[in-house]
Structures are given as structure tokens and as C-alpha cells.
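Enquirer: Okay, here's the structure, questions in a sec.
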Amino acid sequence: MGKNIIVMAMSTLPLNSKVENPELTKNYFRLQEDDNEGEAYYSQLEPTSKMILKKEKSLDKIIILATPKAQEPRKFIYNKKSKKISAVDFYLERMKISDEEKGKGKRVEVIDLDENKEKLGSAISETIDAIRQYWNINKNSDEINLWVDTQGGFRNVVLVMNAIISLLKVDGIKPQGIYSMDFNRDKSVQDIIDQTNTYKIFDFVSGVNEFSRYGRVEQLEEYYKSINKDVPKEIQKMKSIVE
């Protein structure tokens, strides 16, 4: 069985700040288009994790980028009972992961994330180091899959995730899949959307930059192959010119 590692940025709990003891809203998500009832979820990061766990049969390493607010305990009503817990710990509880599994080098690693530029760089570096370390430890496994959940975090987290993905390519580590929720308040059941090809547009941009600077087209060829499309004749001509 292969190893599965997921990277995510934790969202704060969706609570009404104007209410002293707000009730946590329950939503539903589905794994298949014909599932009209769906599965209940409370934490925004649950759906993708549960999808991977169901399809891959394991979720061996979880790396959570979390702001101070996402790690701060909040009081709310959950299943008609009062509860006080942070968004990070609530996600782990919903995923049935114990506190003993959380910590440096353990199954769950929580990395402090802040919009401060210095701390932001540190979080990116720490995340990459954690993934590389796990990759090296498990390099003899049949397969290691990296998954990315872009659903949570603050406004600029997409740029953080892209930096992590780009820097990991130096080690030949690429995401098997990148996902988020297509949340729509008018829908009773929410869909998980595959954003993998959307993120691959960065490969295309890198390929154009590579050619303009160095006259190389390997990155462009790789981009088209990764989205299962024939390499355009223009790219082939560019390669001929380079050669």
C-alpha cells in the first residue's frame, strides 16, 4: 500500500462572532455526482481529507499550516452541546486522530502560519522540510502521493501553496492531486473540485519564461503531457530551433 501525505492551510471555525455561544453549522459534501444526500461535515478541511482516506485507504501524514486564530480555542454549540476547541483540534477530532499523533515528526505536524513576511517564509521552508523528510524516510515504499487542499487559510494562502509546490519540484516531488470545495450556499450538497490542471498553468508560465531566457522548451512539453494533450506544433518547432 502506498503512503499518502496531505498539506492544508486551516480555516478558522465558521462561527458568528456577534453571538456569545454560536452554533456550528453542519454542511454536506459528496464524493460522487449521483449522491444527492452527501456526507455531513463541520470543518471546512474535512471533505478532501475524507475523500483521499476513502479512495487511497490511508492518510499517513498531515501537514497543517495554521494561523494563531486557527489554533485558538473557541466556544460554540456542536451537536446541541457546548464545546471549546480550536479549529485545528476540531478537524483532528472529526478525523478521529488522537492528540498523541500530533507533534514534530509525528503523523500530524502543525506549522505556524502568519501573514508577516518573515514568518511566512519560515512556514514555507518548514513545510518543505517536513515533506522532504517524510519522502526520504519512505522512499522505499511502493508509492508516495502528495495531496494539496487549497480550501482553507487566509487570502494569500494560494501563493503560499504555489511556492511550496514550485520548490518541491526541485526534488522531483509533485502533487498527485490538488483539491478544494466548490461551496455554494444555494446547494444542499457541496462538491469537491479538482484544481490540479488549474495549478499546472504555473508550469506553462514557467515554460514560457524558460524559453524566453534560455531557449529551452522541456517545461512546456511537460505541461502539455501532464494535461494529456498533444504537444502543439509550435512547441515542436521551438524545440527544433533550439536543437
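The values are calculated or read from the model by the stated rules, or taken from the named source; none is laboratory data. The structure presented is a predicted model; accordingly, all values stated were derived computationally and were not measured. No Cβ is skipped: glycine too gets one built from the backbone with ideal geometry, and neighbour counts run over all protein chains shown. With ligands, DNA and RNA removed, areas are computed over all heavy atoms of the protein, side chains included. Shrake-Rupley method; radii C 1.70, N 1.55, O 1.52, S 1.80 Å.
Enquirer: When only the heavy atoms of the protein chains count and the probe is 1.4 Å, how do Ser58, Ser226 rank by accessible area, highest first?
Expert: Ranked list, largest accessible area first: Ser226, Ser58.
Enquirer: Further question on the same structure: Considering only protein heavy atoms, what is the solvent-accessible area of Asp129 at a probe of 1.4 Å, reported in Å² to the nearest 10?
Expert: Rounded to the nearest 10, the figure is 80 Å².
Enquirer: Residue-wise, which Karplus ³J(HN,Hα) couplings in Hz belong to region 217-227, taking 6.51 cos²θ - 1.76 cosθ + 1.60, θ = phi - 60°, and x for glycine or proline?
Expert: Each residue of region 217-227 in turn: 10, 4, 5, 5, 4, 5, 4, 5, 5, 5, 9 Hz.
Enquirer: Relative to the longest principal axis of the C-alpha atoms of the chain, give the angle of the C-alpha long axis of helix 117-137, reported between 0 and 90° and rounded to the nearest 10°.
Expert: 80
Enquirer: Turning to a different aspect of this structure: What relative contact order, as a whole-number percentage, does the chain give when Cα pairs under 8 Å and 6 or more residues apart are counted?
Expert: For the chain, the relative contact order is 22 percent.
Enquirer: How far is helix 233-242 tilted off the main Cα axis of the chain, in degrees rounded to 10, range 0 to 90?
Expert: The two axes meet at around 60 degrees.
Enquirer: Over region 58-160, what is the relative contact order in percent, taking alpha-carbon pairs closer than 8 angstrom and at least six residues apart?
Expert: Relative contact order here is 27 percent.
Enquirer: Follow-up. Can you say what percent of the DSSP beta bridges in the chain, counting only those with both residues inside, are antiparallel? Round to 5.
Expert: Roughly 35 percent of the beta bridges in the chain run antiparallel, per DSSP.
Enquirer: Long-range amide H contacts for Lys3: which residues qualify at under 5 Å (H placed 1.01 Å from N, peptide plane, sequence gap of 5 or more or a different chain)?
Expert: Excluding prolines and chain starts, which carry no amide H, the hits are Glu143, Ile144, Asn145.
Enquirer: May I pose another question? Which ³J(HN,Hα) values in Hz, rounded to whole numbers, follow from the phi angles of region 148-161 under the Karplus curve 6.51 cos²θ - 1.76 cosθ + 1.60, where θ = phi - 60° and Gly and Pro get x?
Expert: Using θ = phi - 60°, the values come out as 10, 10, 9, 5, x, x, 7, 4, 8, 5, 4, 5, 5, 4 Hz.
Enquirer: If you take every DSSP beta bridge whose two residues both sit in region 88-221, what share of them, in percent to the nearest 5, is antiparallel?
Expert: Taking every DSSP beta bridge with both residues in region 88-221, the antiparallel ones total about 45 percent.
Enquirer: Taking the mean number of other Cβ atoms within 10 Å as a proxy for protection, how do you rank 152-163, 19-30 from highest to lowest? Could you put the intermediate results ahead of the total?
Expert: On the way: 152-163: 17.2, 19-30: 14.3.
Sorting 152-163, 19-30 by mean packing, highest first, produces 152-163, 19-30.
Enquirer: Rounded to two decimal places and with Rh computed the Kirkwood way over Cα pairs, what is Rg over Rh for region 142-196?
Expert: Reported Rg/Rh (Cα atoms, Kirkwood Rh): 1.06.
Enquirer: Show me the three semi-axes of the equivalent ellipsoid for region 155-227, from the C-alpha gyration tensor (sqrt of 5 times each eigenvalue), largest first, rounded to whole Å.
Expert: 29, 13, 11
Enquirer: Okay, moving on. How big is the chain on each of its three principal axes, counting only the C-alpha atoms and giving the largest first in Å?
Expert: Cα spread of the chain along its principal axes, largest to smallest: 69, 40, 39 Å.
Enquirer: Roughly how compact is region 1-85, stated as its Cα Rg over 2.2 N^0.38 Å to two decimals? Intermediate results must be reported in sequence, preceding the final value.
Expert: Working: Rg = 15.0 Å, N = 85, 2.2 N^0.38 = 11.9 Å.
Compared with the compact-globule rule of thumb, region 1-85 sits at 1.26.
Enquirer: Ignoring everything but the protein chains, give the 1.4 Å probe accessible area of Thr12 in square angstrom, nearest 10.
Expert: The accessible area of Thr12 comes to roughly 70 Å².
Enquirer: Can you give me the long-range amide H partners of Arg107? Hydrogens built in the peptide plane at 1.01 Å from N, cutoff under 5 Å, separation of 5 or more residues or another chain.
Expert: Amide H neighbours of Arg107, under 5 Å, 5+ apart: none.
Enquirer: Restricting to lysines 8 or more places apart or on different chains, can you count the pairs in region 1-55 with Cα atoms under 20 Å from each other?
Expert: 5
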